Amino acid sequence: MKALVALALAAAVLALPAEAGNRLRPVPILMYHVLSPPPANAAYPELYVAPAAFRAEVAWLAVHGYRAVTLQRVFDAWRGAATLPPKPVVLTFDDGYLSDVRTALPVLRARHWPGVLNLEVANLKPVWGIRPPGVRRLLAAGWELDAHTLTHPDLTTVDAARLREEVTGSRTAIRRMFHVPVNFFCYPAGRYDAAVIAAVQQAGYLGATTTNYGLARPRGLYTLARVRVSGSDGVKGLAAKLAALSS
């Protein structure tokens, strides 16, 4: 049923009058991973953002009028059930790392901002991963919790049963553990195709985020673009990305 609502919303955008343009405006969704300096042997060092850089980026966003909101609030605003601040931004954190609690939580909480955790369920177990009590701390601070599969496979390469397990199973597991809606999905490594999108819709998600670069728009609820924040960006890099996208 929820998937039908999302599809109806996307279709209805084409028929809306011009005055709905402000409500349906695109929104930047920032994509973070680990908030720490990269170790010497890091396979993907650009996925690491130093805590000082993250604090500076959040401060820059606030000074320049941005206010963080959840993806659910964006979706609700697009369908006319909520309002957005003048310059909304969604801060997403993929996978589930200890730095989400140790670094992101206090920085965002100081500004009364929520984040969005895209949780890979397997990351609840390793010592470097976020633990269930940490997830509950994020939820208590107003964060949104969404699904990023059970084990982070390339969903375009798995069979139908595994696809269903990773997509539907992760939502079921997270809802059972944390008693939250889990209305959105995040494609591991941004990998998706028509079959993957269909599985996400069938699982009842309202939308899904990708690694496609750009602003998120209501016409593409299951292929929502994001803005990757890399370790080498810093404030100047993030500011340049947002300025280019809004021009």
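The values are calculated or read from the model by the stated rules, or taken from the named source; none is laboratory data. These numbers were taken from a predicted model, which means no experiment stands behind them. Every residue, glycine among them, receives a Cβ derived from its backbone with ideal geometry; neighbour counts consider all protein chains shown. Note: areas computed on protein heavy atoms with side chains; ligands, DNA, RNA excluded. Shrake-Rupley method; radii C 1.70, N 1.55, O 1.52, S 1.80 Å.
Key figures for this structure:
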{"quantity": "In segment 45-134, the trypsin sites (Lys or Arg not before Pro) that fall in loop regions by DSSP, at most 14 other Cβ within 10 Å", "calculated": "ARG111"}
{"quantity": "For a label point 7 Å along the Cα-to-beta-carbon line of THR83, residues of segment 92-118 with backbone N under 19 Å", "calculated": "113-114"}
{"quantity": "The chain, relative contact order [Cα under 8 Å, separation at least 6], %", "calculated": "23"}
{"quantity": "FRET efficiency, 1/(1 + (r/R0)^6) with R0 30 Å, evaluated for ALA240 and MET177 via beta carbons", "calculated": "0.15"}
{"quantity": "Principal axes of the chain: Cα extent on each, largest first, Å", "calculated": "50, 44, 31"}
{"quantity": "Gyration tensor over alpha-carbon atoms, segment 18-69, equivalent ellipsoid semi-axes in Å", "calculated": "31, 14, 6"}
{"quantity": "Positive-end extreme of charge dipole, the chain - chosen from PRO133, GLY214, VAL200 (charges on Cβ)", "calculated": "PRO133"}
{"quantity": "Accessible surface, per residue, of segment 95-247 when the full set of protein chains is kept, probe 1.4 Å, Å²", "calculated": "43"}
{"quantity": "Within the accessible area of segment 141-187 (1.4 Å probe), percent carbon and sulfur", "calculated": "54"}
